[in-house]
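Worksheet: the structure to be examined is printed underneath.
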Amino acid sequence: METRDLRWFQQVADGITVTELSWIEGTTQPGVSRALARLDREVGTPLLHRSGRTLRMTHAGAAFKRHVDAMLHQLDDGLAAVHQLVDPETGTVTLAFHSSLGTWLVPDLVSSFRADHPEVRILLRPQVEEADTTVRARSDIDLELSTVRPHPGSARWARLVEEPLFLAVPAGHRLIDRDEPLDLADAEDQSFVLFRPGSALRDKVDELATRAGFTPQVAFECDDLATARAFVAAGLGVSVLPSPRAPESISSTSVHYLPLTDRLAVREVGLVWSEERQMLPAARLFHEHVLKRAT
């Protein structure tokens with residue numbers, strides 16, 4: 001059935017005359033009449049009958065119209081939803097990000113983007129796990145801010161920034177008074193607060209320790225930066241962490257961040273997206289904004 005024919009039936013059933021409808025639609029009265037007759041044939045019974053100069057619904061027409069109203073209502077809602085997605089200035093972007101980026105990078109990118117595109121809706125999806133990207137060809141994630149490079153062929157990656165990693169020590173620690181960057185081996189005898197095995201930051205610390213020639217003594221394993229910093233502040237060990245980019249509940253005097261000599265003591269942060277998943281215009285706008293912002 002033609003959607004147009006259904007809409008014309010709906011309007012005539014609601015009391016608009018064929019003459020009025022032909023004028024509204026910019027067509028001829030015979031054209032409207034043929035469309036209504038075609039719909040009768042497709043349904044298998046008359047839906048309208050003439051009463052004087054107007055058309056009234058038959059019993060079949062009244063039963064049919066309830067479903068036509070519901071169907072066209074759903075169709076119009078769907079078309080509106082697609083319009084919001086496709087129109088770059090009224091669309092929706094779903095952004096996943098590792099939780100450690102939620103205090104500095106995500107607010108900066110979203111606020112600077114919304115300044116130019118206030119009507120675009122940004123759906124945020126914080127991710128606890130760092131092990132792999134959540135961007136897939138059939139996922140509902142448009143873009144992801146990640147500290148993990150995706151496996152080759154699974155998604156695209158663009159590096160945005162490198163975060164320096166520091167040796168985080170509690171106040172009063174013996175290494176604080178060093179004037180020069182430290183070799184991580186200087187902390188070989190320390191107990192470490194580390195992320196759990198399999199996380200990107202744990203892999204990086206293990207790599208740095210191996211380059212420094214030792215295996216860290218693990219005091220505690222945790223799942224997030226805030227906990228690691230709190231444990232260091234409490235004197236329960238040292239850690240290798242990025243310096244906080246935003247104010248936190250832990251006082252800046254409770255944890256000291258000491259620079260390291262190893263040039264690989266950095267954490268990459270990148271933008272991930274799928275080439276197999278069509279990027280709608282609003283997501284494309286945000287993608288371009290993030291890359292431009294990174295420069």
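The values are calculated or read from the model by the stated rules, or taken from the named source; none is laboratory data. Note that this is a predicted model, so its numbers are computed, not measured. We place every Cβ from the backbone using ideal geometry, glycine too, and count neighbours over all the protein chains shown. Only protein heavy atoms, including side chains, enter the accessible area calculation; ligands, DNA and RNA are left aside. Shrake-Rupley method; radii C 1.70, N 1.55, O 1.52, S 1.80 Å.
A few comments on the model shown:
- Solvent-accessible area, 1.4 Å probe, carbon plus sulfur percent, for the chain: 51 percent
- Choice from 229, 174, 50 with maximal GNM fluctuation in the chain (Cα, 10 Å cutoff): 50
- Think of the chain as having a plus end and a minus end, set by charges on the Cβ of Lys, Arg, Asp and Glu; of 123, 256, 240, 123 sits farthest toward the positive end of this dipole.
- Mean residue ellipticity (222 nm) of the chain, computed from DSSP H runs ≥ 4 via -39,500 (n - 2.57), nearest 500: -12000 deg cm²/dmol
- Taken per residue, the accessible surface of the chain reaches 54 Å², heavy atoms only and a 1.4 Å probe.
- Estimated FRET transfer efficiency when R0 is 51 angstrom, pair residue 175-residue 125 (beta carbons, to 0.05): 0.85
- In terms of accessible area, using a 1.4 Å probe and ignoring ligands and nucleic acids, 276, 2 rank largest first as 276, 2.
- Think of the chain as a dipole: +1 on every Lys or Arg Cβ, -1 on every Asp or Glu Cβ, centred on the Cα centre; then among 290, 273, 91, 91 lies furthest on the positive end.
- Only Lys, Arg (+1) and Asp, Glu (-1) charged, at Cβ; segment 184-232 dipole about Cα centre in debye: 100 debye
- Magnitude of the charge dipole, the chain, Cβ model with Lys/Arg +1 and Asp/Glu -1, debye to 20: 1480 debye
- Global geometry of the chain, whether rounded, prolate or oblate, following the gyration tensor of its Cα atoms and the 1.5 cut on a/c: prolate
- Were the residues from residue 20 through residue 75 laid out at 0.36 nm apart, the gain over their Cα-Cα distance would be 17.4 nm.
- Cβ-based charge dipole, segment 1-160, positive-most Cα from 67, 141, 28: 28
- Between residue 41 and residue 221, full extension at 0.36 nm per residue minus the direct alpha carbon distance yields a gain of 57.6 nm.
- Taking amide H as placed 1.01 Å from N in the peptide plane, residue 122 has its amide H under 5 Å from the amide H of 93, each at least 5 places away in sequence or on another chain.
- Calculated FRET value between residue 10 and residue 86, using beta carbons and R₀ = 22 Å, to 0.05: 0.30
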